[in-house]
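Asks: Structure incoming, see below.
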Amino acid sequence: MDRTLHPDLQRYVDERVVPAIATIPSDRKESLDLLVEFVKERRAADATADLTFICTHNSRRSHLSQLWAATAAWHFAQDHVRTYSGGTEATAFNPRAVAAVERAGFHVVKPEGKNPMYDVSFSTDRKAETCWSKKYDDPANPQKDFCAVMTCSEADKNCPIVFGALDRISLPYNDPKEADGTPEEAARYDERCLQIAAELWYVMQRAAE
């Protein structure tokens, strides 16, 4: 099966994401390689690799991680990977983060409401990911045998134990929220989107080797 991304997204991957992989620091790769091993070990066990990305509000970093992990896993034929996100509390998928994934080339269906359920698509050959804000233990997320990936230091500190998790990996990202309402807002969100994309592309590429 030829796994074709949406054209603008494929261009973003080729021109931005792949070159950015070379800039990932070696100490960061040590954390990413823990995720690589989880994905590989679950495949060897003929089991799904359920990845739940967790940040405090499930509004920015965890959604970006869920989407890029799903995209990269599909691209590299890691079909046993399932991606989810959640928070220590629920808010909404922040519109600034939604705009960042649109700029990268994802197709987004944006409904109305306080905590809307967005359909985010990376290919016409794959069902869209549904993204909305929820707690990490929401019934829509796996309840056991998953890897809890902590994408913010606050959630990492506040959740020393994630019940049901088979593994727990600390992978914090700086919060683009710091730039909200400033001239740097879009650039900061794009920077974080690219960093997460490159790191999770690295993970799924390594897992496929």
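Read-outs throughout are calculated quantities, based only on the coordinates presented, and are distinct from any laboratory measurement. Note that this is a predicted model, so its numbers are computed, not measured. Reconstructed Cβ throughout: ideal geometry from the backbone, glycine too, with neighbour counts over all protein chains shown.
Asks: Enumerate the amide H contacts of residue 168 below 5 Å, restricted to partners 5 or more residues apart or on another chain; note that Pro and chain-start residues carry no placed amide H.
Replies: 148
Asks: Same structure again: Based on the mean of other beta carbon atoms within 10 Å per residue, what is the order of 14-27, 129-142, 74-87, 53-66, most packed first?
Replies: Sorting 14-27, 129-142, 74-87, 53-66 by mean packing, highest first, produces 53-66, 74-87, 129-142, 14-27.
Asks: A follow-up question, please. Which of the pairs 110/134; 40/127; 110/144; 29/127; 127/177 have their Cα atoms more than 20 Å apart in this structure?
Replies: 40/127; 110/144; 29/127; 127/177
Asks: Also, I was wondering about something else. Looking at segment 7-207, send over the antiparallel percent of its DSSP beta bridges, to the nearest 5. Mind showing how you got there, number by number?
Replies: Details: 6 of 24 bridges.
In segment 7-207, DSSP labels about 25 percent of beta bridges as antiparallel.
Asks: With runs of 4+ DSSP H residues as the only contributors, calculate the mean residue ellipticity of the chain at 222 nm using -39,500 (n - 2.57) per run, divided by the residue total and rounded to the nearest 500. Write out the running numbers ahead of the final one.
Replies: Working: 7 runs with 83 residues, N = 209.
-12500 deg cm²/dmol, from helical runs alone.
Asks: OK, next. I'd like the Karplus ³J(HN,Hα) series for segment 15-31: coefficients 6.51, -1.76, 1.60, θ = phi - 60°, whole numbers in Hz, and an x wherever there's a Gly or Pro.
Replies: For segment 15-31, the Karplus-derived couplings read 8, 10, 5, 4, x, 5, 4, 5, 9, 5, x, 5, 5, 5, 5, 4, 5 Hz, x marking Gly and Pro.
Asks: For segment 3-124, give the share of DSSP beta bridges that are antiparallel, in percent and rounded to the nearest 5; count only bridges with both residues there.
Replies: 30
Asks: Please state the relative contact order of the chain as a whole percent: Cα pairs under 8 Å, 6+ residues apart? Don't skip to the answer; put the middle values down first.
Replies: Numbers: 380 pairs, mean separation 60.8, N = 209.
Over the chain, the number comes to 29 percent.
Asks: GNM on the chain, C-alpha springs below 10 Å: top fluctuator among 148, 99, 197?
Replies: Largest GNM mean-square fluctuation: 99.
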